């Protein structure tokens, strides 16, 4: 008897998609339980051609929760260039967070909604990709800058010289 796979339904939107932006996005991708890489590099499983995107920008990492019988997923940031906004929180290089059933993700101008439909197979999962002509996330709060790397140093109060 075949065990049903966990399905990640991934909707993608970019406000100014060029013809090459989504050229390498397959309609469906079956994947083993290694991390699924998102980026513009040749080793990325989901390749998006955006100038501000790193070759390895983020990964969706399946794992088995303690005592669980289904795959769960973490989103991990692999880019040093900027941040990734996930469900209202800003993640930076090597930060990760567990994903819930429906997740809103933004990075490098890209909007992505990941909906997880649990299956019973622990050996693989499948991603179904859909391109959206309209925005997926409204009221986005995160700014994608590298300003967080420049932390101003506090100056001692004037007149306290001894």
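The values are calculated or read from the model by the stated rules, or taken from the named source; none is laboratory data. Note that the structure is predicted; figures quoted are calculated from it, not measured. Here Cβ is always computed from backbone atoms with ideal geometry, including for glycine, and neighbour counts include all displayed protein chains.
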Q) Can you name the residue in region 54-80 that is in contact with a strand residue (DSSP E or B) (Cβ under 9 Å, 6 or more places away or on another chain) and not in a strand (DSSP E or B) and, of all such residues, is nearest to residue 107 (Cα to Cα)? A) 57
(Q) Can you tell me which condition residue 51 does not meet? The list is (1) part of a loop (DSSP other than H, G, I, E, B); (2) closer than 19 Å to residue 11 by Cα; (3) without any contact (Cβ under 8 Å) to a residue 40 or more places away in the chain, and all the others hold. (A) (2)
**Q.** Looking only at region 118-146, and only at residues there that are farther than 19 Å from residue 17 by Cα and at pLDDT 95 or above, the one that is surrounded by the fewest Cβ atoms within 10 Å (Cβ to Cβ)
**A.** 128
Q. Can you find a residue in region 61-68 that is exposed (fewer than 11 other Cβ atoms within 10 Å of the Cβ), at positive phi and over 12 Å from the mean Cα position of the chain (by Cα)?
A. yes
Q) Applying the selection to region 1-23, what residues are within 30 Å of residue 64 (Cβ to Cβ), in contact (Cβ under 8 Å) with a residue 24 or more places away in the chain and in a loop (DSSP other than H, G, I, E, B)? A) 3, 4, 5
**Q.** Matching entry among 129, 125 (being closer than 17 Å to residue 45 by Cα, in a strand (DSSP E or B) and more than 16 Å from the chain's Cα centre (by Cα))
**A.** 125
Q. Out of region 89-114, which residues are modelled with pLDDT of 95 or more and outside any strand (DSSP E or B)?
A. 92, 93, 94, 95, 99, 100, 101
Q.
Restricting to region 23-44, name every residue that is surrounded by fewer than 18 Cβ atoms within 10 Å (Cβ to Cβ), under 17 Å from residue 107 (Cα atoms) and touching a strand residue (DSSP E or B) at 6+ places or on another chain (Cβ under 7 Å).
A. 25
